[in-house]
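The values are calculated or read from the model by the stated rules, or taken from the named source; none is laboratory data. Worth saying up front: this structure is predicted, and the values here are computed from it rather than measured. Using ideal geometry, Cβ is built from the backbone for each residue, glycine included, and neighbour counts are taken over all protein chains shown.
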Amino acid sequence: MLTPEDKQRYDRQIMIPGFGEAGQEKLKQAKIVIAGSGGLGSPSAIYLAAAGVGTLRIIDHDKVELSNLNRQVLHWDKDIGRSKVKSAAEKLTQLNGRIRVEAIAQTINDMNVAAMVAGFDVIIDALDNLPTRFLLNKAAIDHGIPFIHGAVYGLEGRAMTIIPGQSACLRCLYQGIPPQEKFPVLGTTPAVIGCIQATEAIKLITGIGVPLTNRLLIYDGFNMKFTELTVNRKKNCEHCGTKKGRQL
Ligand SMILES: [Zn+2]
């Protein structure tokens, strides 16, 4: 139940047509996993916390480094050397003391990924490498949990929402795995994409709007353009395909 304080705090979003107090109640009950507490994870976590999502689970094994601070806005000068998830949880609970933040300082691997996501309503992909994104994509499909992909490079970003059994998945989109290397990022790029991911999560939970499924949204900050690529679900996809008898 929403308290009088909740109704006041979230008044401006409750006013959105189709959202209402019922939508806010859904957010209050919602549990979202944010995989990664860096450039993408910071803005998505901040806006999901501000919107009143009841439980946020933040997963990241890294410690805060000086070179993170141009874009990872949950971490400040004073946090250098600290666990990113502890730094994130501290800020998020100061922003909104009425939500629950779980800080998990672990690396996601094929042994623990199921336990990391089980029982959650949405997974945000705020990672920086494709192998772990694929692990989460597969776990999301296996558990039937919507998965919101985001990625950045320089001034370019990408986002796509995956609804298991209904829309194309990350493996339908990408086949190979590029070598992992240090890459350029302007902080505003993950801010744009992380906010798109948070918006998608809020829409899915409250049931408003049209999700970003079967299309890859591409943000080009150099030319300040948004474009879309249609992504088709592959019948023989290793993760969501129907050829091995996987249920649609
Ligand atoms: Zn697929």
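Data table
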quantity: Matching option when the condition is part of a strand (DSSP E or B) and in contact with a Leu (Cβ under 8 Å, 6 or more places away or on another chain), among Leu56, Leu74; calculated: Leu56
quantity: Residues being free of Cβ contacts under 8 Å to residues at least 60 places away in the same chain and aliphatic (A, V, I, L, M) - total across segment 169-193; calculated: 3
quantity: Sole exception among (1) outside any loop (DSSP other than H, G, I, E, B); (2) out of contact with any helix residue (DSSP H, G or I) (no Cβ under 9 Å at 6 or more places or on another chain); (3) among the aliphatic types (A, V, I, L, M); (4) surrounded by fewer than 18 Cβ atoms within 10 Å (Cβ to Cβ) for Ala50, by number; calculated: (2)
quantity: Residues of segment 114-138 classified as buried (at least 24 other Cβ atoms within 10 Å of the Cβ), among the aliphatic types (A, V, I, L, M) and within 16 Å of the ligand (Cβ to nearest atom), total; calculated: 2
quantity: Scan of segment 121-150 for residues that are more than 15 Å from Ala198 (Cα to Cα) and in a loop (DSSP other than H, G, I, E, B), ordered by number; calculated: Asp128, Asn129, Gly144, Ile145
quantity: Filter result for Val192 (hydrophobic (A, V, I, L, M, F, W, C) and either more than 26 Å from Ala51 (Cα to Cα) or within 12 Å of the ligand (Cβ to nearest atom) (or both)); calculated: no
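Condition check ((1) farther than 24 Å from Gln13 by Cα; (2) modelled with pLDDT under 95; (3) within 16 Å of the ligand (Cβ to nearest atom); (4) not in a strand (DSSP E or B)) across all residues:
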{"site": "Tyr153", "(1), (2), (3), (4)": "yes, no, no, no"}
{"site": "Ser167", "(1), (2), (3), (4)": "yes, no, yes, yes"}
{"site": "Gln180", "(1), (2), (3), (4)": "yes, yes, no, yes"}
{"site": "Phe183", "(1), (2), (3), (4)": "yes, yes, no, yes"}
{"site": "Ile196", "(1), (2), (3), (4)": "no, no, no, yes"}
{"site": "Ile205", "(1), (2), (3), (4)": "no, no, no, yes"}
{"site": "Gly209", "(1), (2), (3), (4)": "no, no, no, yes"}
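Every residue, every condition in (1) surrounded by fewer than 16 Cβ atoms within 10 Å (Cβ to Cβ); (2) within 22 Å of Ala118 (Cα to Cα); (3) of a type in the set (A, V, I, L, M), yes or no:
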position: Ala151; (1), (2), (3): no, no, yes
position: Leu155; (1), (2), (3): no, no, yes
position: Gly165; (1), (2), (3): yes, yes, no
position: Ile196; (1), (2), (3): no, no, yes
position: Glu200; (1), (2), (3): no, yes, no
position: Val231; (1), (2), (3): no, no, yes
position: Thr242; (1), (2), (3): yes, no, no
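Residue-by-condition table, conditions (1) within 12 Å of the ligand (Cβ to nearest atom); (2) part of a helix (DSSP H, G or I); (3) at pLDDT below 95; (4) under 15 Å from the mean Cα position of the chain (by Cα):
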position: Glu200; (1), (2), (3), (4): no, yes, no, yes
position: Tyr219; (1), (2), (3), (4): no, no, no, no
position: Phe222; (1), (2), (3), (4): no, no, no, no
position: Thr227; (1), (2), (3), (4): no, no, no, no
position: Lys234; (1), (2), (3), (4): yes, no, no, no
position: Cys240; (1), (2), (3), (4): yes, no, no, no
position: Lys243; (1), (2), (3), (4): yes, no, yes, no
